[in-house]
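*Asks:* Got a structure here, written out as structure tokens. Questions coming.
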Amino acid sequence: MGSTFFYTTLCFIALTIVASSAEEFKVGDAVGWRQPSQNETDLYNHWASNKKFHIGDSLRFEYRNDSVIKVGKWEFYHCNRTHLASAGKDGTRTVNLNRAGTFYFVSGDPEHCKNGQRLAVEVLPLHPISESPPQPFSQAPAPSPLSISASVSSAVPLAFISALLISVFVVAIAGLA
């Protein structure tokens, strides 16, 4: 009975670590979601280029007297919102990045979009277990016990892979007891 509690606790801890790897990004950081000035029309492209987005992450848009609309590629490049995928108008909107690929967002005001208030983010398939700063060349990084799971390059979420591996491990151990 004690070993069952131990393995259940081990599974819980492992799944908590995997689930906590998802990040929430505030779009535009301190600037938020607003119409860029004439000198900063590339504001959101620059913001997104400094980030890595993964399945399970989310984007939080914060704005005043505006809105954000998730659109397709054509609507993004033409600032056309005739085929709305989804819209939000309440001042704060969080969008879950639930698949790999490109997500497109524009302001609900076509003029704002034309002035650069639009965002395209490329979502990568898996979220790494941890992103630590690079180690100096003289130090060899310690191998991660979960590095095999982190290197899988399919669109299967890391949490599912980890849960499956832990379940197999627990069943195998339980069978030996």
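*Asks:* When you check Phe53 against the structure, is it more than 23 Å from Ser21 (Cβ to Cβ) and open to solvent by less than 60 Å² (accessible area, probe 1.4 Å), yes or no? Talk me through it step by step, then tell me what you get.
*Replies:* Details: more than 23 Å from Ser21 (Cβ to Cβ): no; open to solvent by less than 60 Å² (accessible area, probe 1.4 Å): yes.
In short, no.
*Asks:* Taking segment 18-35, which residues are more than 18 Å from Asn50 (Cα to Cα) and either open to solvent by 50 Å² or more (accessible area, probe 1.4 Å) or modelled with pLDDT of 95 or more (or both)?
*Replies:* Ala19, Ser20, Arg34, Gln35
*Asks:* Do the conditions hold for Asn80, that is, is it touching a Phe, Trp or Tyr at 6+ places or on another chain (Cβ under 8 Å), at pLDDT below 90 and not aromatic (Phe, Trp, Tyr)?
*Replies:* On the way: touching a Phe, Trp or Tyr at 6+ places or on another chain (Cβ under 8 Å): yes; at pLDDT below 90: yes; not aromatic (Phe, Trp, Tyr): yes.
Judged against the criteria, Asn80 is a match.
The values are calculated or read from the model by the stated rules, or taken from the named source; none is laboratory data. Every value quoted in this text rests on a predicted model; they were computed, and no experiment measured them. Neighbour counts are summed over all protein chains in view; Cβ atoms, including those assigned to glycine, are modelled from backbone coordinates with ideal geometry. For accessibility, only protein heavy atoms count, side chains too; no ligands or nucleic acids. Shrake-Rupley method; radii C 1.70, N 1.55, O 1.52, S 1.80 Å.
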